[in-house]
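The next block holds one structure in the form of structure tokens; read it before the comments.
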Amino acid sequence: VKRVYNFGKGKNDGDASMKSLLGGKGANLAEMCGIGLAVPPGFTITTETCRAFHNNDRTLPEGCWEDTLAALKVVEEEMGQKFGDAANPLLLSVRSGAAVSMPGMMDTVLNLGLSDNVVEGLAAKAGGRFAYDAYRRFLDMFGNVVMGVPHELFEEQLEAMKKEKGVEFDTDLSAEDMKEVAHRYKQVYVDQGTQFPDDPYDQLRASIYAVFDSWESDRAKVYRQVAKLTGLGGTAVNVQTMAFGNMGDTSATGVLFTRNPANGDKHLYGEYLMNAQGEDVVAGIRTPLHIDDMKAEMPQMYDELVRNCDLLERHYKEMQDIEFTIQEGKLFMLQCRTGKRTGMSAVKIAVAMVDEGLITPEEAVLKVDANHLDQLLHPQFEDEAAYKDRVVATGLPASPGASVGQVVFTADDAETMKASGHDVILVRKETSPEDVKGMHSSEGVVTQLGGMTSHAAVVARGWGKTCITGCGDLQIDEGNGSCRFGNTVVNEHDWISINGTTGEVIVGKCPLKQPEMVGDLGRFMHWVDQFRTMGVYTNADTPEDAAMARENGAEGIGLCRTEHMFFATEERIKTVRKMIVAQSKEDRVKALDELLPFQRSDFEGLFTAMDGLPVTIRLLDPPLHEFLPDGDMDEVVEMLARETGGKPADIAETIERLEELNPMLGFRGCRLAITYPEIAEMQARAILEAAVNVSKKGVKVQPDIMVPLIGTSAELKNQESLVRRMAEKVFEEKGTRVDYRVGTMIEIPRAALLADQVAETAEFFSFGTNDLTQMTFGYSRDDIGKFLQVYLDKGILQVDPFQVLDEEGVGQLIKMATEKGRATRPNLKVGLCGEQGGDPASVKFVYAVGLDYVSCSPFRVPIARLAAAQASV
Ligand code: ADP
Ligand code: MG
Ligand code: MG
């Protein structure tokens, strides 16, 4: 197997399509070489080698080291330099890079190949100041990353030297000073009970090992877990010629996005440092300059950079995140990748790129993902003017949006508070990879330090969390459980609001509002609907929800849960309870007659809100005891007796009768309506009377009456004829007819297995995937929490099947039932109305199966529209 791939002008083995083998960084370095950009030559050791390394008890596979040396030869020839040769030394960087970028997870070693001997040669060639600066950097990074010597110990020595020499910046230290620093750094190794390896080849080998080891480090594992990254082989190792940004005032290093990752503006967005190496930008040793300043400072370099960015954007058709270094007036590209961005930015960039002719609208639809849209649909502040007098600090607007939460100071607290149902804002000096879990649990993050590309900013933008960085007015006193924003003291668990679009921190809770789909988002969603072929309905029980869903683009109601209407007011629930404890059919019918007008007016509201669109109404589903109050039996009986006028003894007996061991497998769904037909009769009457009433007013109604929880076609037949009898009665009474359909939920595996029979009666199917998942796995939806985490931890389940459709098992039932149903009735309408209807992967799956629509909660409708469109382009 080929384990080592060269990249460079002379020999270039890889390209961007090889990300899983070469990692994202390695594949893109090869690609940039391929399109003619100046990239320091090097080579990539594959991710498969990393896997082999770990499978093989941390040893390099056979032949790998020899291949590495051969690849190094190629680089030496292209550079005309020799690794470890004092007369003409080649220096290297060793960089990690997996198929998916993991910010801050793996560490880079720069200036590798220096030793006491080699540095003298470099000094003679390129100057002592530069050579010893490179050496001490290498000693620090190598010690820290490869040998586990804490960076702070080196930092202390540098600080001490700056103090001794009375200078502020490292750049003010002389060659002699730096030589002394390097000398002291070597002593740090010795003090730590180790030794710096003088042989460059030992350095290289140890660094390769360190990169592979970092794949299995705790922080890398935590990140993969939080980000749900599975199935990655390992990290690649990129070994690359150094480009020196620290060779004086014609040298620099920087990072940038080709467009603004927060708001999408087409404008280079980033920072750079003169006379520095890469880690200086992130470490905040000196304050980096805005990339715009380069226009004046290094105009030629700036123009070239703009040209390169343009070339890369046109090549990749994507906004790029770029790292570069300028060595004595020559620009080198060190990394490019698709830039992480906020939802706002994603939509703006997608629309702009269509306008610029870079991509088609179809491609634009694929460039925005469901999470992006989710962010955009997240709340904004209702009134930004209203809180101005409560702004206590302003930092950098690192990730836009609005969040409200209680202040916590540690990632652990964030996790604990979130677990107990609190919204929190994580307030920290800065964040590190150890904090990612806590950041994930937070609504937003505020940091005192760090810029727009700091760890907090990058991670928060990736997740669409609100984030403010570089909040200089923030002072944290963790010991006291408090912090200060300017002069305002904020204690742990106090409420604050943060505006990631403006950088404002506000004390107290500011009201939030839902964003609207106008402007770029409006245009984007228009394309989405243009390419989408599958319908998107909503689950809604009230006219308000229905109207909101319609505004979000819902094309019908896929599930109206009639029982939710029963809980709407105190009066209704009392009437429902009267019906439940009725001791005779007459009493039950009397209570149902009282319920009828409520239901009818609800349905009138729904039909009117969904004028012209289908409304799928499910007949009563839950077990009756769900409508009874909780609490002490005697009290409940007494209360019901008072409410309903019934005898306590009868009521107590009724309650006992309704008690079930497995309520979800019990007396519910059509089983209720078959036992007490008068319940379904009332509901059918309410639906059809409502339909006739509003259609007389000119509303176009399409009622779909849905029978829940059938396992046999006889159950459905029973209910269907009940509904049809009632319909005829209503139409006769009213002197008008309306079209309606009778169909069923498919949520019991037996109904799926015999879907061909069911379709003889059913005019439509709707997969109730909550129950179908429950009954296919045999997991109680209400009790899965007791073991789900264990199953996820042990890898027995990859995801919660109630959130992401189990394609393999439940999906098979869906596919089969759809095929069987349509074999009986070719025009059978088939949809899905479970929780998973708003999950993009599940939407994609049911599109492939050929469902007519998915139905999801009103908030998820735009996401389902996007997922459905992406499935069809
Ligand atoms: P990360 O994945 O954390 O971004 P990188 O491998 O990109 O790590 O390295 C971090 C920084 O090190 C880069 O941004 C760049 O400034 C510097 N660097 C890496 N390789 C080189 C190189 N060959 N020449 C000069 N600087 C380099
Ligand atoms: Mg990088
Ligand atoms: Mg159900």
Ranking by accessible area, most exposed first, for His493, His54, His526 with a 1.4 Å probe: His526, His493, His54
Report the full-extension gain for the segment Val226 to Asn491: residue separation times 0.36 nm, less the Cα-Cα distance, to one decimal in nm. 92.5 nm
Computed ³J(HN,Hα) along segment 530-538: with the Karplus parameters 6.51/-1.76/1.60, θ = phi - 60°, integer Hz and x for glycine or proline, the list is 5, 9, 7, 10, 8, x, 10, 10, 10
Mean-position separation - Cα centroids, segment 434-470 and segment 657-715, in angstrom: 49
So if I place +1 on the C-beta of Lys and Arg and -1 on the C-beta of Asp and Glu, and nothing else carries charge, what would the dipole magnitude of the chain be about its Cα centre? I want it in debye, nearest 20. 2280
Tell me, in nm to one decimal, what length is gained between Asp249 and Arg286 on full extension, where the rule is 0.36 nm per residue of separation less the Cα-Cα distance? 11.8 nm
Lys73: which lysines have alpha carbons under 25 Å from its alpha carbon, excluding same-chain residues fewer than 8 sequence positions away? Lys2, Lys9, Lys11, Lys19, Lys25, Lys82, Lys125, Lys330
Two pseudo-spin positions, 7 Å from Cα along C-beta at Arg642 and at Asp85, lie apart in nanometres by 9.7
Set of lysines near Lys786 by C-alpha distance (under 23 Å), chain-local residues within fewer than 8 positions excluded: Lys228, Lys418, Lys437, Lys794
Roughly what would the spin-label model give for Gln475 and Glu659, points 7 Å off Cα along C-beta, in nm? 6.4
If the chain between Val190 and Lys330 were fully extended at 0.36 nm per residue, the gain over the current Cα-Cα distance would be 46.6 nm
Expected 222 nm ellipticity per residue - DSSP helices of 4 or more, -39500 (n - 2.57), all of the chain, to 500: -14000 deg cm²/dmol
Report the net charge of residues surrounding Gly148, where surrounding means a beta-carbon distance below 12 angstrom and charges are Lys +1, Arg +1, Asp -1, Glu -1. -2
What does the charge dipole of segment 178-233 about its Cα centre add up to, to the nearest 20 debye, if the Cβ of each Lys and Arg holds +1 and the Cβ of each Asp and Glu holds -1? 340
Considering Cα pairs under 8 angstrom that are at least six residues apart, work out the relative contact order of the chain and quote it in whole percent. 8
Take Asp374, Asp198 and sort them by solvent-accessible surface of the protein heavy atoms, 1.4 Å probe, largest at the top. Asp198, Asp374
Tell me the trypsin sites (Lys or Arg not before Pro) within segment 216-300 that lie in a loop according to DSSP and have at most 15 other beta-carbon atoms within 10 Å. Lys228, Lys266
Residue by residue through segment 777-794, what is 3J(HN,Hα) from phi via Karplus (6.51 cos²θ - 1.76 cosθ + 1.60, θ = phi - 60°)? Round to whole Hz and write x for glycine and proline. 7, x, 9, 6, 4, 7, 10, 4, x, 5, 10, 4, 4, 4, 4, 5, 4, 8
Exposure rank, largest accessible area first [Lys465, Lys317; 1.4 Å]: Lys317, Lys465
4 °C / 1.567 mPa s Stokes-Einstein diffusion coefficient of segment 368-449, Kirkwood radius on C-alpha pairs, µm²/s: 93
Let me cross-check Leu69: its accessible surface, 1.4 Å probe, with only protein heavy atoms counted, in Å² to the nearest 10? 60
Among Val458, Val799, Ile617, which residue has its Cα furthest toward the positive end of the charge dipole of the chain, with +1 on Lys/Arg Cβ and -1 on Asp/Glu Cβ? Ile617
Using protein chains only and a probe of 1.4 angstrom, how many square angstrom of His625 are accessible, to the nearest 10? 60
Report Thr416's accessible area, 1.4 Å probe, all protein chains in place, as a number in Å² to the nearest 10. 90
Which GluC sites (Glu not before Pro) in segment 96-185 pass both tests, a DSSP loop state and at most 11 other beta-carbon atoms within 10 Å? Glu168
Would you calculate the separation in nanometres between label points at Val100 and Lys73, each defined as 7 Å from the Cα along the Cα-to-beta-carbon direction? 3.9
Cleavage-rule hits (trypsin sites (Lys or Arg not before Pro)) in segment 697-739: DSSP loop, at most 15 neighbouring Cβ within 10 angstrom: Lys697, Lys700, Arg737
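The values are calculated or read from the model by the stated rules, or taken from the named source; none is laboratory data. Computed from a prediction, not measured in an experiment: that's the story for all the values here. FYI the Cβ positions are ideal-geometry reconstructions off the backbone, even for glycines, and counts take in every protein chain you see. For accessibility, only protein heavy atoms count, side chains too; no ligands or nucleic acids. Shrake-Rupley method; radii C 1.70, N 1.55, O 1.52, S 1.80 Å.
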